[in-house]
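These notes are about the structure you will find just below.
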Amino acid sequence: MAFEDLERREPWRRIVFPLDVPAASEAQHWVEELAGCVGVFKVGLELFIRCGPEIVARIRERAAGGVFLDLKLHDIPHTVGRAMRAIAAGGARWATVHCGENPAMLRAAVEGAAGRVGVLAVTVLTSVSAEHLREAGFEAAWAENPERLVLERARRAREAGCAGVVCSGREAAWVRRAIPRPFLIVTPGIRPGGAAPADDQVRVASAAAAVAAGADYLVIGRPIREAPDPRAAARAIAAEIAAAEAGARGAPGAHQG
Ligand code: C5P
């Protein structure tokens, strides 16, 4: 479950491709298309609701780095613990839970997982802006510095025994400085050059910036799926990860673990 040496040596294994599609046949198509170009396949709510838990086993057969079951649980601790126990029986490598407000929920998730699935805690969604946080009632000191909120939540996740967190590449360095590996950092919201996209992602970063900041795995969907040649796009991102990793290792103190 930890960040493996193999994944460090072969950067394509650090790419997590979200199977954000409505049917098992389409998911299977993408798994065949991208096998060997991305390491981990992510099953999210849409596919899980349409296909049921069996989809995890089907995808797992062809996923070099396993299946990331991204259901982002958020409920009372008892319910989350029971749901995670059910997930743990399904063969996913990781499963997500929101950090939420009550650390007991995270502890229940870890207990339910019983070491059979790594629990990743979602800190602050990459689709959330400072303005959203302000509107939700966060004081300016928190709303305007999402890294503070991410870091606070990451600390709680680690204390609860989670395998890692999901956060933006923009906050990864804050988390990595405070919490060394093997605690995992998974970053969605990856966009070429870190440019602001015309979609729902807000706190974006480039693959190179996320890796230099200490991210272990990168969730990359639309930049691969919508590329004219998705395999070539994944390969280009893997090359970008390799270069960033080499650069980070060359810079003293820039990278731990
Ligand atoms: O790269 P793209 O924006 O297409 O990736 C979308 C995927 O990233 C979705 O599957 C979404 O659930 C996931 N995501 C996530 N955590 C976030 C934001 C997006 O897992 N904070």
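The values are calculated or read from the model by the stated rules, or taken from the named source; none is laboratory data. Just so you know, these numbers come straight off a predicted model, no measurement behind them. Note: ideal-geometry Cβ built from the backbone for every residue, glycine included; neighbour counts use all protein chains shown.
Some points to look at:
- Of all residues in region 226-238, those satisfying the criterion of being in a loop (DSSP other than H, G, I, E, B) and within 15 Å of the ligand (Cβ to nearest atom) are Glu226, Ala227.
- Residues satisfying the stated conditions in region 40-92, i.e. assigned to a loop (DSSP other than H, G, I, E, B) and either crowded, with 18+ Cβ neighbours inside 10 Å or β-branched (Val, Ile, Thr) (or both): Ala63, Gly65, Gly66, Ile76, Gly90, Ala92
- Condition check for Leu106 on (1) within 13 Å of His74 (Cβ to Cβ); (2) more than 17 Å from the chain's Cα centre (by Cα): one failure, at (2).
A quick yes/no check of all residues on (1) over 16 Å from the mean Cα position of the chain (by Cα); (2) over 20 Å from His98 (Cβ atoms); (3) surrounded by 15 or more Cβ atoms within 10 Å (Cβ to Cβ); (4) away from the ligand (no atom under 16 Å from the Cβ):
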{"site": "Val150", "(1), (2), (3), (4)": "no, no, yes, no"}
{"site": "Glu159", "(1), (2), (3), (4)": "yes, no, no, yes"}
{"site": "Cys162", "(1), (2), (3), (4)": "no, no, yes, no"}
{"site": "Ile190", "(1), (2), (3), (4)": "no, yes, yes, no"}
{"site": "Gly193", "(1), (2), (3), (4)": "yes, yes, no, no"}
{"site": "Val211", "(1), (2), (3), (4)": "no, yes, yes, no"}
{"site": "Ala248", "(1), (2), (3), (4)": "yes, yes, yes, yes"}
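- In region 112-133, the residues that are part of a loop (DSSP other than H, G, I, E, B) reach residues that are acidic (Asp, Glu) and within 13 Å of the ligand (Cβ to nearest atom) with C-beta atoms within less than 8 angstrom, at least six apart or across chains, in these pairs: Thr123/Glu171; Val124/Glu171; Ser127/Asp200.
- For the condition within 16 Å of the ligand (Cβ to nearest atom), at pLDDT 95 or above and of a type in the set (Lys, Arg), Arg93 qualifies.
- Selection status of Pro223, within 11 Å of the ligand (Cβ to nearest atom) and free of Cβ contacts under 8 Å to residues at least 40 places away in the same chain: yes
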